[in-house]
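Peer 1: First the structure, which I've put down as structure tokens, then a few questions once you've had a look.
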Amino acid sequence: MFRIRRIYDDVSAADRAPLAQVQAIIADRFPTARPRDLLKVPRQLKDPLRYRYRSILLTVENAAGKVRGFAMLLHFTDLNIAFLELISTAAGSGSRGMGSMLYQLVREEALSLGATGLFLECSIDDERVTDAQLRKQNVQRMRFYERFGVRPILNNAYDSPVHPGDTDLYFLMYDGLGRYTLPRRRFLRRVVAAILLRKY
């Protein structure tokens, strides 16, 4: 049996415990995460004005209060779009389909916000990934999102290296949430600028 919760901040003890578990999952599942990335999680929940987006942290917990998965959704209210910043299951979560359930929760939350689309990043899955095992993982991740109708936005520079030699490259993906078509180019430029400036 699972319980779905929204964590608003780290003020109450009831929210501090799952928030700490989310930070532990990030540290475990995202090895390149820096200490400041972990510290940012509670800060962005409490201070939407500073980051210029509203952060929504959703957790899936078992009956014992153990976080089995989470998703961090960013709502860019001025653009009326949502951006999936992080999504992950805990190691050994022991439930097949947890990732799909989490992503479906994210989509439902985005729709409830009135967002006209959901954006996210997904690691590139083409020949630029020279490690065969890593490329296989990236292909599987891309197929996971494609089952929900999510597609990469191509023919742009989003997946280009920021610095020479960068290999950790991402496509910008778009989910029309079953209602919306891809926005026009001019609006997409505003979306990309907002993601790059506010998130990074």
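The values are calculated or read from the model by the stated rules, or taken from the named source; none is laboratory data. Predicted model only: the values in this text are computed from it and were never measured. Neighbour counts are summed over all protein chains in view; Cβ atoms, including those assigned to glycine, are modelled from backbone coordinates with ideal geometry. Areas reflect the complete protein model, heavy atoms only, side chains present, ligands, DNA and RNA absent. Shrake-Rupley method; radii C 1.70, N 1.55, O 1.52, S 1.80 Å.
Peer 1: Could you report the stretch 29-178's accessible area per residue, 1.4 Å probe, as an integer in Å²?
Peer 2: Result: 52 Å² per residue.
Peer 1: While we're on this one: Looking only at VAL150, VAL106, VAL162, which one moves most when the chain is put into a Gaussian network model with springs between Cα atoms under 10 Å?
Peer 2: Of VAL150, VAL106, VAL162, the Gaussian network model singles out VAL162 as fluctuating most.
Peer 1: Translational diffusion coefficient of the stretch 41-85 at 20 °C, 1.002 mPa s, Stokes-Einstein with Kirkwood Rh over Cα pairs, in µm²/s as a whole number.
Peer 2: 187
Peer 1: Counting only residues 5 or more places away or on other chains, whose amide H sits under 5 Å from the amide H of LEU177 once H atoms are built in the peptide plane?
Peer 2: Distant-sequence amide H within range of LEU177: LEU118.
Peer 1: With +1 assigned to the C-beta of every Lys and Arg and -1 to the C-beta of every Asp and Glu, and no other charges, what is the dipole magnitude of the chain about the Cα centre in debye, to the nearest 20?
Peer 2: Using Cβ point charges on Lys, Arg, Asp and Glu, the chain gives about 420 debye.
Peer 1: For the chain, just the Cα set please: Rg and Dmax, both in angstrom.
Peer 2: 16.7, 48
Peer 1: Relative contact order of the stretch 77-200: what whole-number percent is it, with Cα pairs under 8 angstrom and at least 6 residues apart?
Peer 2: With pairs under 8 Å counted, the relative contact order is 26 percent.
Peer 1: Further question: Filter the trypsin sites (Lys or Arg not before Pro) in the stretch 58-116 to those in DSSP coil with at most 10 other Cβ atoms within 10 Å of their Cβ, and list the result.
Peer 2: Loop-located and lightly packed - ARG96.
Peer 1: If each DSSP helix of 4+ residues adds -39,500 (n - 2.57) and the sum is divided by the residues in the chain, what number results at 222 nm, nearest 500 deg cm²/dmol?
Peer 2: Result for the chain: -11500 deg cm²/dmol, rounded to the nearest 500.
Peer 1: If you don't mind, another one. Give me the percent of the accessible area of the chain that comes from carbon and sulfur atoms, probe 1.4 Å, all protein chains in place.
Peer 2: C and S fraction of accessible area: 52 percent.
Peer 1: Sorting check: for 120-127, 174-181, which peptide has the highest mean count of neighbouring beta carbons within 10 Å, and how do the rest follow?
Peer 2: By packing density, highest mean first, the sequence is 120-127, 174-181.
Peer 1: Given axes a ≥ b ≥ c from the Cα gyration tensor, I'd like to know whether the stretch 109-200 is rounded (a/c under 1.5), prolate (a/b larger than b/c) or oblate.
Peer 2: Since a/c reaches 1.5 but b/c is at least a/b, the shape of the stretch 109-200 is classed as oblate.
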